[in-house]
Structures are given as structure tokens and as C-alpha cells.
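Here the structure comes first, spelled out in C-alpha cells, and everything after it is commentary.
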Amino acid sequence: MTRLILVLGDQLSDDLSALRAADPAQDLVVMAEVMDEGTYVPHHPQKIALILSAMRKFARRLERRGLRVAYSRLDDTETGSSIGAELLRRAEEVGVREIVATQPGDWRLIAALESLPLPVSFLPDDRFLCPAEDFARWAEGRKQLRMEWFYREMRRKTGLLMDGDEPAGGRWNFDSENRKPASPDLLRPHPLQFEPDAEVRAVLDLVEARFPDHFGRLRPFRWPTDREEALQALDHFIRESLPRFGDEQDAMLADDPFLSHALLSSSMNLGLLQPMEVCRRAEAEWREGRAPLNAVEGFIRQILGWREYVRGIWAISGPDYMTSNGLNHRAALPALYWGEPTRMACLSAAVAQTRDLAYAHHIQRLMVTGNFALLAGVDPAEVHEWYLSVYIDALEWVEAPNTIGMSQFADDGLLGSKPYVSSGAYIDRMSDYCRGCDYAVKERTGPRACPFNLLYWHFLDRHRERFERNPRMVQMYRTWDRMAEPHRKTVLEEAGQFLEKLYAGDPV
Ligand code: FAD
Ligand code: SF4
């Protein structure tokens, strides 16, 4: 034996850089299910079950390829509590002094590996379409990093949706066509779901026994756990839902948690699907006339644009990013995020769905749970920990920039040009939640006033110095300033009372 080749739970790709470097005759692949990884935040039980199931299946896939794999199970008595401990144990067992790893997407793990008493050679994670160094070069010297400019460069670089030097259809962006509410009456095919096989069922039992207190329902468990299933899920999405993806991208419905979303983030983030193959499949649907351009461009922008962009932000920002708190928000995360009842129908639905499915789509994450946490002044580190815990696809490199940057504006505008805050009117326009709510979205003050309405102005008022000169927010301040002084006073007082109740843990 000459080296240990580390494969982490989100590195389950056939052509991972560390596996390409492996010599089947000499090297030993190490994969380990360890308690520390399951508990550094209280991950949703479905997320733990997905990662463990997918790791077990991938280990067998590697053995079929002729690699030797030392696989440590969570329920093996000799398994150590951390990845580092397992690497040292295996190194001792087989007498090797060198470790090769594809760079993890989590600064905590990078630091843990760097502190081992054995040399670790990191190889770049080249499953991304924009290498970290290219992103750093693109970002260098720019006053503002804007996704749209990055995305256009990525279109040119990859040729995706390009006709020569021009964007397909003559425009880079079809967002203006993608802001429609959804019809509750339309019958939509659900995403493909997978009945757990014997191996997954064994993992479900293990997770049930080992993580009984983690927030979230374990069953029914329906996620793809290997590449074959992930490819089937991709096929199904492309055929059944992609054509409506654009139209329904920003919509929310109380009785439909999925609408026309792909539910492919966990498969991509674990490495079961590669981002380019997903984008190419979507592009082909448009080129062959089976899906409209607003849907396909919108979908590709999420992957080629947003996914690559947030990864670049994570890579250039380093570990301190996780404690950014540019707006100095200090409140604790309200208990309603962990399932305590609330009268706010939108939050109640988004959290219940998160508990049951480990899934909420982007607009629910951004404009319901994220919007409320930002308006309520919650400490972004606590918000970050919640998102990292509760979603099936949550890994630091993608979750942290989305939460700390896009959703909580805690990175001082590195990622976004203005905070994503809205009153209840936005939620009412894009969803059917307000119809079933105890609060009244049209009321601005009084006991039934929608809390988003009160908190929105409270947020703008308390951060006036920071935002009033932001060109994208000037209009909001003008509207606020035009309101009669007694009305503004009442709004601020009622918002303050609401926050006091919220912070005291009283039901709201
Ligand atoms: P679809 O809506 O069908 O989109 C297709 C694909 O585009 C997704 O599978 C995903 O790979 C990609 N994508 C879309 N938006 C983004 C984005 N903003 N950033 C990166 N990729 C994107 N995504 C994660 O993968 N992991 C996270 O931990 C995560 N945390 C988030 C936290 C917050 C506060 C917010 C606002 C967004 C977060 N996102 C995260 C982005 C996005 O919400 C999810 O990628 C998406 O909801 C996954 O569901 P889907 O596969 O059905 O996506
Ligand atoms: Fe949410 Fe306000 Fe609508 Fe109720 S009225 S669902 S709190 S936006």
C-alpha cells in the first residue's frame, strides 16, 4: 500500500479527481460513516439517510471497478468518531504515510484534514464548471460581483445556449417571463420517487436509532441514492416538468411543495449527476422543440449561473464567511423554525414541508423563511445552522453563500446588490398561503396585520443609514417617507411589540 484515497459522502462521482489519481494496485480508498459528520449540526434524518445509503452503494461501485475500499460503518464498534480518526486508524492498519483527497466543500473539514499528523495532498474538485482559480481571477479587482455578468461569461465559455457569439433567442435572460403565480387547479406530475430497497431500509433503521432527536421525519424516504436512480429522476424531470419550470419558478402553493422544480440538487451535490450533463439535457429539449426557452434558460441559469457563482463566492471568502454579520443582527432563531406552531400560514407551511420532506424550493427558502429571519433580525449564524441542518441538499459551499449572502445580506453585499426583503404583498402575489392565514395580508396595522407588513417597514427604518442611498431601494424609502407620521409611528410600535413577543418565545 502506498496511499489512502479519501472519498467523502458528497464526492460520489466516478471521475472524482482523487479517484482518477488512485492506483488500484497500490492504494486503498477510505470511506467512513462517522458520528461527528452526522451531528456537527443536527442534520435532517433524511439527509443523513441519503448520504449513508449513497456512500454504501458507491463503495460497492468502486469495488466493482477493481478498487480496494476500506469502508467504516457507523455501527461498526471500531469506527472512530471523526474522518480524521478513521484516516489515522486506517493508516496505522495498513502502514501508509500519505493521504490523497479531493478538496472538501466545507472549511471545517479542510481544517480538520490539514491538522492531521500525516501529509494530505489536496486535488481540486473539478466537478464544477468554473475552477476556483478562474472565479478568483474573474472576481479580482471588481467593485461588485454580480451573478449576471459571471453567468454570461459562463455561457460564452461553455457554449451552452449560444448561437455563435450570441445568446440563443437573442437574450441572455428570460426572468421577466418567469414571475407568474401558479394555478392551484393544474394537475402536475410529481417528481420521481424511489421505494427504499433493502440496503436503504437498513440505513433508515440505523438513522432512526442513532439520531432520534434530530428535527424532521425520516419516512417516507424517496430520494435517489445512486447514479442510476439519479439519471431516472433527471429523465423524468426533463420530460414532465421542465417545460413549465420557467413559468412556475417563483410561485408557491400550499398543497404542492414541488410545483415544476427538479429536486435534483441533492443528486448533483453528492456527485451522482454532473452539472454539465444536466444542462446539456435541458438545452437539447429546447433545441428539439420540446421545452420553451424561458424554461430552459431559467433552469440552466440556476446551475451554470447561481450554483457555480455561489461556489466561487464560498471559495474566495474562506471560513470567516460563516460568521459574517454585516447588519449586526443578534436575535435567536425563533422556535417556529423547529416546528413550534405559528399563526403565519406561509411560515407554518414552509416549515412543515421542510420537516416532512427535507425540501423546500428556492422561493420558499428565500422569500418565506429567509425573508422572515432577516426582517426579524435573527443572527445569521443561527439562520445558517438551520439551513445547513434541515435541507436534503445542504452542504456548506452552496448553503452558506445562499443563506449568509443572498438571504441574510450578512456579507455586506458581496453576493447581492440589495437585501431580499418583502412585505406580505409579494407572498400574496406569488402564493395561495394568505387565503388560509389568521393574519390579513391587506391590513397594515392592527391585531390582524400581516407581520411581514409590519416588519418590512421596521427593517427599512432601522437600517436607513445602510440602505437609503442604495439605488435599488430609494423608491422604498420614498414610499415610507410619504406615509403619514402617525401611521409610521403605529407601524413601528406594532412591529416592536410583535418582535418582543417573538423574542420572548410567545406564540405568534
Ligand atoms: P430547482 O429549482 O429545480 O433548480 C434546479 C437546480 O439549480 C437545483 O437543483 C440546484 O442545483 C440549482 N440551483 C438553483 N438555485 C440555486 C442557488 N441559489 N444556488 C445554487 N444552486 C442553485 N441549494 C443547495 O443545493 N443546497 C443548499 O444548501 C441550499 N441552501 C439554500 C439556502 C437558502 C437560504 C436559499 C435561498 C437557497 C438555497 N439553495 C440551496 C438554493 C436552492 O434553493 C436549491 O438549490 C433548490 O431549491 C433545490 O431544489 P431543486 O433541485 O428542486 O431546484
Ligand atoms: Fe404569510 Fe402574511 Fe400571508 Fe399570513 S398574511 S400567509 S403571514 S404573508
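A few notes on this one:
- Criterion: more than 8 Å from ligand 2 (Cβ to nearest atom), farther than 14 Å from Leu366 by Cα, modelled with pLDDT of 95 or more and surrounded by fewer than 21 Cβ atoms within 10 Å (Cβ to Cβ) - qualifying residue of Asp412, Asp438, Asp428, Asp461: Asp461
- Residue among Glu114, Glu92 that is surrounded by fewer than 15 Cβ atoms within 10 Å (Cβ to Cβ), over 28 Å from the mean Cα position of the chain (by Cα) and at pLDDT 95 or above: Glu92
Each row is one residue, and each column tells you yes or no for (1) in contact with a Lys or Arg (Cβ under 8 Å, 6 or more places away or on another chain); (2) closer than 26 Å to Phe215 by Cβ; (3) in a helix (DSSP H, G or I); (4) within 16 Å of ligand 1 (Cβ to nearest atom).
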position	(1), (2), (3), (4)
Trp386	no, yes, yes, yes
Gly405	no, yes, yes, yes
Asp411	no, no, no, yes
Gly416	no, no, no, yes
Tyr420	no, yes, no, yes
Thr445	no, no, no, no
His458	no, no, yes, no
Met476	no, no, yes, no
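- Top-ranked residue in the range 25-37 [being part of a loop (DSSP other than H, G, I, E, B) and in contact with a strand residue (DSSP E or B) (Cβ under 7 Å, 6 or more places away or on another chain); ranked as surrounded by the fewest Cβ atoms within 10 Å (Cβ to Cβ)]: Asp27
- None of Arg307, Arg311, Arg301, Arg343 is in a loop (DSSP other than H, G, I, E, B), at pLDDT 95 or above and either more than 14 Å from ligand 1 (Cβ to nearest atom) or under 29 Å from His43 (Cα atoms) (or both) except Arg343.
- If you filter the range 422-443 down to residues that are assigned to a helix (DSSP H, G or I) and either polar (S, T, N, Q) or in contact with an Asp or Glu (Cβ under 8 Å, 6 or more places away or on another chain) (or both), you find that the one that is farthest from ligand 1 (Cβ to nearest atom) is Cys434.
- The set of residues in the range 252-269 that are part of a loop (DSSP other than H, G, I, E, B), within 11 Å of ligand 1 (Cβ to nearest atom) and in contact (Cβ under 8 Å) with a residue 40 or more places away in the chain comprises Pro257, Phe258, Leu259, Ser260, His261, Ala262, Leu263.
Residue-by-condition table, conditions (1) at pLDDT below 95; (2) away from ligand 1 (no atom under 12 Å from the Cβ); (3) surrounded by fewer than 23 Cβ atoms within 10 Å (Cβ to Cβ); (4) among the small types (Gly, Ala, Ser):
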site	(1), (2), (3), (4)
Phe237	no, no, no, no
Glu240	no, yes, yes, no
Pro243	no, yes, yes, no
Gln249	yes, no, no, no
Gly271	no, yes, no, yes
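- Test: residue in the range 347-362 that is polar (S, T, N, Q), at pLDDT 95 or above, closer than 30 Å to Val441 by Cβ and crowded, with 22+ Cβ neighbours inside 10 Å: yes
- Residue satisfying condition, being touching a residue at least 24 places away in the same chain (Cβ under 8 Å) and basic (Lys, Arg), within set Arg137, Arg201, Arg155: Arg155
- Cross-chain or 6+ apart pairs with Cβ under 6 Å, the range 336-349 first and at negative phi, then within 16 Å of ligand 1 (Cβ to nearest atom) and in a loop (DSSP other than H, G, I, E, B): Trp338/Phe215
- Qualifying positions in the range 373-384 - of a type outside the set (Asp, Glu) and either in contact with a His (Cβ under 8 Å, 6 or more places away or on another chain) or more than 8 Å from ligand 1 (Cβ to nearest atom) (or both): Ala373, Leu374, Leu375, Ala376, Gly377, Val378, Pro380, Ala381, His384
The values are calculated or read from the model by the stated rules, or taken from the named source; none is laboratory data. None of these values were measured; they are calculated from a predicted model. Note that each Cβ is placed from the backbone with ideal geometry, even for glycine, and that neighbours are counted across all protein chains shown.
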